Every structure is written in structure tokens, then in C-alpha cells.
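The values are calculated or read from the model by the stated rules, or taken from the named source; none is laboratory data. Here the structure is a predicted model, which means the values were calculated and not measured. Virtual Cβ from ideal backbone geometry, glycine too; neighbours counted across all protein chains shown. In case anyone asks, the SASA skips ligands and DNA or RNA and just uses the protein heavy atoms, side chains included. Shrake-Rupley method; radii C 1.70, N 1.55, O 1.52, S 1.80 Å.
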Amino acid sequence: GFRAERGFRRLVLMGHSGGGGLAMLLAGRLPQTSAIVTLAGNYDIDIWAAHHHYLPLHESLNPARQPETGIPEWHFLAERDQTVPPDLFLAALLRRPRAHVQVIPAIDHHDGWRKLWPQILNRIAEKH
């Protein structure tokens, strides 16, 4: 595959919003994964759907219900996010043994991430 063709030994899975949930789900299936990074990631689809009064996603896997992977995680939540409100997931993410969690002030679900992206990458590189 792509990883082997290019000689990469490790993967860092990154995702925004639902892509953050997908990164959490894939990490347990890809043994080369060395870190997970989520930006405004939807960690618990059951809580998220209930919060927004959506129908439950019965056929979808829920990242919050998957076994612990032991992989280091960085979760960045947006203080003003109305799509994936930090209060929905903050306590649960803080209980994850390998998680680093930060609520970024003054940004929302879409706006502000691009400006912060270099700082986020540098922070992860320093600790990873």
C-alpha cells in the first residue's frame, strides 16, 4: 500500500469533525498508527446525535465504545463550536489514559483552525 511503497513505518491519523471519529476508529485497525490527532472530533456519536436531536446512528461504529488502543492521542476542541460542542466530550476524553486534550479559545467548528494548524503540528512533534 501507500505506506509501504514510500517507506513510512508509522502513521499519524488526523481528522476534523467526523474525520476525527474516523481516525479514532481506524487507529485500532492499523497497527502502524503511532498517534491520533483530532480537531473538533466527534468522539461519541450517540451523545452527539442526541444533543442535536438527530436519529440515532444505529449502524455506525461509535469511537467512544471501542477498546482502548494505547496509542497517544491529541484532541483539540473549539471553545465556540456549536456542531461538536466541547462540553459533550471533554470529560470523557480527559479520562482516556493516553489523551492530551485542549479546548482552543475563540474559535468555532470551522473558523480558526487554519491559523492554529502550524502550532498544533509543532506541539505534537515536540511530544511525539
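Consider only pairs whose beta carbons are under 6 Å apart and that are at least six residues apart or on different chains; among these, list those whose first residue lies in the range 87-113 and is within 13 Å of ALA64 (Cα to Cα) and whose second residue is open to solvent by 60 Å² or more (accessible area, probe 1.4 Å) and in a helix (DSSP H, G or I). Cβ pairs passing all conditions: LEU88/ILE47; LEU88/HIS51.
For ALA23, the requirement of being under 30 Å from ALA4 (Cα atoms) and without any contact (Cβ under 8 Å) to a residue 12 or more places away in the chain is not met.
The residues listed here are GLY21, GLY15, GLY1; of these, the one that is closer than 18 Å to TRP117 by Cβ and either under 14 Å from the mean Cα position of the chain (by Cα) or modelled with pLDDT under 95 (or both) is GLY15. Checking the range 117-124 against the condition returns a match, with at least one residue being open to solvent by less than 70 Å² (accessible area, probe 1.4 Å), in contact (Cβ under 8 Å) with a residue 60 or more places away in the chain, closer than 23 Å to LEU26 by Cβ and out of contact with any helix residue (DSSP H, G or I) (no Cβ under 7 Å at 6 or more places or on another chain). Considering the range 1-115, the qualifying strands (runs of 3 or more DSSP E), each wholly inside and each with 3 or more residues that are closer than 23 Å to HIS128 by Cα and open to solvent by 30 Å² or more (accessible area, probe 1.4 Å), run over 11-16, 99-104.
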